[in-house]
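Report on the structure given below.
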Amino acid sequence: MAGTEAFDETGAETFAICNCSGCESGYEYQSNTTENRFFQLRRKWLVERNGNWFQLKARPKDWNALRQLQNAGLEIPE
């Protein structure tokens, strides 16, 4: 999901859209969103959208969705 730009300095949602997943802070998730909800969003992105980037131009060269999740220590959805 969107990184630090998803919330402002007060913790309020900015409604920023993640270049990677296309999720919008304040719409798909809020500051009190549970880890389970984030897992569901990641699963939807990987399973239904095949890990494709929302904004393909922003994708780093040689980027790999599964490797990114592993490096972040996140559970990989099946």
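Since every read-out is calculated from the coordinates, none of them should be taken as a lab result. Source: prediction; values computed, not measured. Here Cβ is always computed from backbone atoms with ideal geometry, including for glycine, and neighbour counts include all displayed protein chains.
When its C-alpha radius of gyration is set against 2.2 N^0.38 Å (N residues), the chain gives a value of 1.07.
Considering only G26, G51, G11, the mean-square fluctuation computed in a Gaussian network model of the chain, springs between alpha carbons under 10 angstrom, is largest for G11.
Grab the other residues whose beta carbon is less than 14 angstrom from that of G26, score K and R as +1, D and E as -1, and report the net.
Details: positive: R37; negative: E5, D8, E13, E24, E28.
Around G26, the charge tally is -4.
Rounded to the nearest 0.05, the FRET efficiency derived from the C-beta distance between E5 and W63 at R0 = 22 Å is 0.75. A Gaussian network model of the chain, with springs between Cα atoms under 10 Å, assigns the largest mean-square fluctuation among L41, L56, L66 to L56.
Build a GNM of the chain with springs between Cα atoms under 10 Å apart, and of E28, E13, E48 the one that fluctuates most is E48. Of the chymotrypsin sites (Phe, Trp or Tyr not before Pro) found in region 11-78, the ones in coil according to DSSP and having at most 11 other Cβ atoms within 10 Å of their Cβ are F15, Y27.
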